[in-house]
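Read-outs throughout are calculated quantities, based only on the coordinates presented, and are distinct from any laboratory measurement. Please read these numbers as outputs of a predicted model, since none were measured by experiment. All Cβ positions, glycine included, derive from the backbone under ideal geometry; neighbour counts span all protein chains shown.
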Amino acid sequence: MLSMPPTPSTPQAASLPAHAAYADALARVHDRIEQARSDAGLALSGVSAPGEATSSVRLLLATKTQDAAAVRAAVQADRAAGRGASVLVGENRVQELTEKAPALADLGLTTHLIGPLQSNKVNHALRALAQHGRGCIETVDSLALAEKIGSRVLASAPAHASPAGGQGGNHVEPSAPPASAVLDVYVQVNVSGEESKAGVSPDAAVDLALAVAQVSGLRLSGFMTIGARSTDEGLVRAGFTRLREIRDEVVGSGAHGTQGARELSMGMSQDLEWAVAEGATIVRVGSAVFGAR
Ligand SMILES: *Cc1c(COP(=O)(O)O)cnc(C)c1O
């Protein structure tokens, strides 16, 4: 064994053990996902619709309270394992998203906002998501918020960037916005009805999604929920079932802008198996990778 001089814990020195710990934790999470898929018969049956790639579940790292070095180490550990689909990153707070963006910009991450978005933070959120690479806002829960995001996406399209906070709504658009001036959004649904949780009520979710699908600057790409805070499998799964049914109703409507709304972001460290069994396409995992907060 090499004898190592005692070094202060610089980020560089910390990165090797961190990488190994993350690699182990990530392998366990991916195993849990695969086990859940196979228990549910999803791995074998290929339930994908015609023309779709074989369905799979993507992992989103919920990185709240983790600093940029930790996020980088975990992302690199997952990429190094070469499992295919690249890991996603999710941030809850616009401020954290903004703080970490410069340090992570080179990774070309796809970053999702998974916490509530106040309308006065929309510009900040879009700017930080753009710095990260590709972005998505999973927490759209009102038409007003969707319209605000959509108008800001269009206004910040590269061809005619206007000063932040500008009031001018009268300038003539030089041309149609480029196709890239579209942001992926999900509608967040509060399937459990718990007071503490954000999201539109299940009864209003289909109408909201149909309306969001019409908002220019946005592409409705799916649905998100936080499962009931309970260890009752039936209760938690019923919520996930509800989200899937809402998705199926929206996509099945055939309405304009709904065909791509297939993602189901549901399941966390405690309940990801149940979410996968109910058709999750993205599970959001924090503590199972990074440890207890
Ligand atoms: C923190 C968080 C997660 C991950 O939760 P864990 O229990 O740590 O896996 C997922 N989704 C959202 C919205 C979160 O805030």
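Given the peptides 278-285, 266-273, arrange them by the average over their residues of other C-beta atoms within 10 Å, most packed first. Before the final figure, lay out each step's value.
Details: 278-285: 23.6, 266-273: 21.8.
Highest-to-lowest ranking by the protection proxy: 278-285, 266-273.
Counting only lysines at least 8 places from K100 when in the same chain, those with an alpha carbon closer than 18 Å to its own are K64, K121. 3J(HN,Hα) couplings calculated from phi for segment 256-263 with the Karplus curve 6.51 cos²θ - 1.76 cosθ + 1.60 (θ = phi - 60°) are, in sequence order, 3, x, 9, 5, x, 8, 9, 6 Hz; Gly and Pro show x.
The phi-based Karplus calculation (6.51 cos²θ - 1.76 cosθ + 1.60; θ = phi - 60°) puts the 3J(HN,Hα) values of segment 276-290 at 4, 4, 9, x, 3, 9, 9, 10, 9, 10, x, 4, 5, 9, 9 Hz, whole numbers, x for Gly and Pro.
Amide H contacts under 5 Å for L264: F223, T281, I282, restricted to partners 5 or more places along the chain or on a different chain, H placed in the peptide plane at 1.01 Å from N.
3J(HN,Hα) along segment 123-134, derived from phi through the Karplus expression 6.51 cos²θ - 1.76 cosθ + 1.60 where θ = phi - 60°, amounts to 4, 4, 4, 5, 5, 5, 4, 5, 5, 5, x, 8 Hz, with x in place of Gly and Pro. Amide H to amide H distances under 5 Å link V200 with Q188, V189, N190, where only residues 5 or more positions off or on other chains count and H is placed in the peptide plane. With the simple spin-label model, which puts each label point 7 Å out from Cα in the Cβ direction, the T241 to A81 separation comes to 3.1 nm.
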